[in-house]
Amino acid sequence: MSSLLQKIKDLQDVNSLSKHEQIVNGIIDAIDSGILKVGDKLPSINEMVAKIGYARKTFVKAYTELKERGLVESKNLKGYYIISEETNVKLKVALILFAFHSFQEDFYNTFRKELGKKYHIDIFFHHNNLTLLKTIIDNISRKYGMYVIAPIQEKEVPSMMKQIPSDRLLIVDRYLKMPKDYSYISQEFEEVTYQKLVELTPQIRKYKKFVLFFKKNSDFPPEILYAFDRYVKDFQINGEVLTSYEPNTLKKSTAYFSISDTQLWKVLKDARKMEYRIGADIGILAHDDNIVKEIAFGGITTISTDFTEIAKKAALFVKEGKSIQEIVPTHLRQRNSL
């Protein structure tokens, strides 16, 4: 303990450092020099107050920052312990997504690039499972400096989110009604999907039937189904909803709307096998754009937001902590598939 205290006292004459920064840097120096190792217990806040003489709140702030960097963990009634020697990490970030779909991979890669090497990111997937999401949040609560979460839109979820302070949490992708001090960067699905389908009406009317692949109780936004049902009713389109695509069931003069890339690739595989012309014999519309859809089969028409832009805004929130409440625009990218 004496060596650690000396590290902190050595920084007391450094005018550029605040008192809590002296404590943080002193502990980091002690880790770097081998005085503290993983598993070592830090002096209690009361001990620090007695030996160093700073206010209790100063040590609470310093220990909190060390926790947010992923260097220290507090154990109830047992104190604070060193859990990492990666002192170059500025902040430890928890990222919780639905699953590693291609568009969420784009989000992650951009998010990672924008934050840089000084931010440590741990990624978790809840797969639209409420129990799993609760378990993840319970396990990681109070262990990270920032949380970026794509939530499940269920009534139980806001109370889970409230375990995390509003200045540490950013909700992304799906909108969740939360107290006004919580930040979000979300999509709107129902009205925007409906309007994009309206724009595509001349192309959709080329086909005798319009089929949506939609599986309930999946991670598909239910608002897309609501928009589809409204659209086919309002415009008297011969519409049908199927839970999935069964191989070898492709029909000519049909336009297919796929939210899932898995269903999309099955349709495209059969189209090639059956020598159907995409954009003529059958139509294809997909949700969530990526570079493959831009290129494959002369280009797939998509309804999608810009996930790289969401990722850039999310990274800025993590770095600066400024509140943001934004519904991001959704784009219709018309290509040759309809």
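Please treat every number below as a calculation from the coordinates, not as lab data. In this text, all values refer to a predicted model and were calculated from it rather than measured experimentally. As a convention, Cβ positions derive from the backbone with ideal geometry for all residues, glycine included, and neighbour counts pool all protein chains shown.
If a/c stays under 1.5 just call it rounded; otherwise compare a/b with b/c (prolate if a/b is bigger, oblate if not). Do that for the range 208-256, with a ≥ b ≥ c from the square roots of the Cα gyration tensor eigenvalues. Note, shape of the range 208-256 comes out oblate. Taking all Cα pairs closer than 8 Å and separated by 6 or more residues, the relative contact order of the chain comes to 14 percent.
Only bridges whose two residues both fall in the chain count here: according to DSSP, what percent of them are antiparallel, nearest 5?
Around 20 percent of the beta bridges assigned by DSSP in the chain are antiparallel ones.
Farthest towards the positive end of the charge dipole of the range 190-305, among the residues 214, 282, 298, is the Cα of 282, using unit charges on the Cβ of Lys, Arg, Asp and Glu.
Placing a pseudo-label 7 Å from each Cα along the Cα-to-Cβ vector at residue 291 and residue 234 gives an inter-label distance of 3.6 nm.
Determine the sum of side-chain charges near residue 12: Lys and Arg each +1, Asp and Glu each -1, restricted to other residues whose C-beta is under 15 angstrom from that of residue 12.
0
From most to least packed by mean Cβ count within 10 Å, the peptides 278-288, 155-165 give 278-288, 155-165.
Rounded, prolate or oblate, given the Cα gyration tensor of the range 182-299, with a/c below 1.5 counting as rounded? It is prolate, given that a/c is not under 1.5 and a/b is the larger ratio.
Label sites at residue 81 and residue 118, each approximated as a point 7 angstrom past Cα along Cα to Cβ, lie 3.0 nm apart. In order along the range 281-287, the Karplus-derived 3J(HN,Hα) couplings, from 6.51 cos²θ - 1.76 cosθ + 1.60 at θ = phi - 60°, round to 5, 9, x, 10, 10, 10, 9 Hz, and Gly and Pro are given as x.
Close amide H contacts of residue 124 (hydrogens built in the peptide plane, cut-off under 5 Å, sequence separation of 5 or more or a different chain): 95, 96, 97. If you average the C-alpha positions of the range 134-191 and of the range 65-100 separately, how far apart do those two centres end up, in angstrom? After rounding, the separation between the Cα centres reads 19 Å. Spin-label model, residue 99 to residue 205: label points 7 Å out along the Cα-to-beta-carbon direction sit 3.7 nm apart.
Under a 5 Å amide H cut-off, with hydrogens placed 1.01 Å from N, residue 90 pairs with 119, 120 among residues at least 5 apart or on other chains.
Taking θ as phi - 60° and the Karplus parameters 6.51, -1.76 and 1.60, the scalar couplings of the range 145-152 work out to x, 9, 10, 10, 10, 8, x, 8 Hz in sequence order, x denoting glycine and proline. Here Rg and Dmax of the Cα atoms in Å was calculated from the structure, and among [x] 18.7, 54; [y] 34.2, 121; [z] 25.6, 81 it sits at label [z].
Counting charges near residue 47 (Lys, Arg +1; Asp, Glu -1) among other residues having Cβ under 13 Å from its Cβ returns a value of +3. A cut-off of 5 Å between modelled amide H atoms, ignoring neighbours fewer than 5 places along the same chain, links residue 305 with 288, 289, 331. Phi angles of the range 165-179 translate, via the Karplus equation with coefficients 6.51, -1.76, 1.60 and θ = phi - 60°, into HN-Hα couplings of x, 4, 7, 10, 10, 10, 8, 10, 6, 8, 7, 9, 6, 9, x Hz per residue; Gly and Pro are given as x.
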